[in-house]
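The structure appears below as structure tokens.
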Ligand code: ADE
């Protein structure tokens, strides 16, 4: 898979891809992540990519010109399955969406900034708008990192079997069960006996019951 992230702050996005599962997936060639500086596509002397909003009002708007130049240059090289825009008014990211995105070949993520992007970009270049939650970030970079992380870890080979995504929370609309490790008794705080029993079927059953219980308590909306 190839993820091209268009941003005015490429440095902000370097670190998330330099560690752990994402780094390993990139090193293994399972995914290629390119950070593209939008300013490289600006024709202004100052390399600016934003301007005042027509009609007035506070805040700058990301202009269509550099974005169109950038996306068209990328599209001249390959076909993209989705051109994503990060925005608090986009569709809320969830596991199902990440699963769907993880099987695509090439995607672009355009990181929003300032007051947003000229609506013509959204109308003519963007195929999917994603929000990572009902709160406003200073820019779309962290959202792009969250979206990329949730996608990349699902690509076969990105994770070892023991960290398999199949047992993640949300994968079957249930939250994950509680987990424990050694010591089995810490100052009288004991690990549930069943987990020490070695009886796989009983343990699986217990974990499933715990998942349902946890989901009922914390996220009953998922069970509907
Ligand atoms: N940009 C600013 N806030 C955002 C959010 N909640 N999700 C995605 N992009 C954003």
List the number of the failed condition for residue 29; all other conditions in (1) surrounded by 11 or more Cβ atoms within 10 Å (Cβ to Cβ); (2) under 21 Å from residue 109 (Cβ atoms) hold. (1)
Sort out which residues of the stretch 83-93 are more than 9 Å from the ligand (Cβ to nearest atom) and either at pLDDT below 95 or buried (at least 16 other Cβ atoms within 10 Å of the Cβ) (or both), and write them in order of number. 83, 84
Matching residues, the stretch 101-118, being touching a helix residue (DSSP H, G or I) at 6+ places or on another chain (Cβ under 9 Å) and surrounded by fewer than 18 Cβ atoms within 10 Å (Cβ to Cβ): 104
Using the structure shown, decide if residue 121 is away from the ligand (no atom under 16 Å from the Cβ), touching a strand residue (DSSP E or B) at 6+ places or on another chain (Cβ under 8 Å), more than 27 Å from residue 21 (Cα to Cα) and at pLDDT 95 or above. no
Odd one out for residue 147, checked against (1) closer than 30 Å to residue 35 by Cα; (2) in a loop (DSSP other than H, G, I, E, B): (2)
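Listed here are the residues, each with its yes/no results for (1) touching a residue at least 60 places away in the same chain (Cβ under 8 Å); (2) at negative phi.
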{"site": "125", "(1), (2)": "no, yes"}
{"site": "130", "(1), (2)": "no, yes"}
{"site": "137", "(1), (2)": "no, yes"}
{"site": "143", "(1), (2)": "no, yes"}
{"site": "147", "(1), (2)": "yes, yes"}
{"site": "150", "(1), (2)": "no, yes"}
{"site": "157", "(1), (2)": "yes, no"}
{"site": "171", "(1), (2)": "yes, yes"}
Condition test on residue 100, is it touching a residue at least 24 places away in the same chain (Cβ under 8 Å) and under 13 Å from the mean Cα position of the chain (by Cα)? no
Flag if residue 137 is more than 16 Å from the ligand (Cβ to nearest atom), modelled with pLDDT of 95 or more and not in a helix (DSSP H, G or I): no
Based on this model, can you work out whether residue 96 counts as farther than 25 Å from residue 18 by Cα, in a helix (DSSP H, G or I) and either more than 11 Å from the ligand (Cβ to nearest atom) or outside the structural domain of residue 9 (by TED's automatic domain parsing) (or both)? yes
Only residues that are over 14 Å from the mean Cα position of the chain (by Cα) and either within 15 Å of the ligand (Cβ to nearest atom) or part of a helix (DSSP H, G or I) (or both): list them for the stretch 103-118, please. 112, 113, 114, 115, 116, 117
The condition of being under 21 Å from residue 156 (Cβ atoms) and not in a helix (DSSP H, G or I) holds, among 3, 26, 21, only for 3
Residues of the stretch 132-154 classified as surrounded by 16 or more Cβ atoms within 10 Å (Cβ to Cβ) and farther than 20 Å from residue 4 by Cβ, total: 1
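The values are calculated or read from the model by the stated rules, or taken from the named source; none is laboratory data. From a predicted model like this one, the values you see are computed outputs, not experimental measurements. No Cβ is skipped: glycine too gets one built from the backbone with ideal geometry, and neighbour counts run over all protein chains shown.
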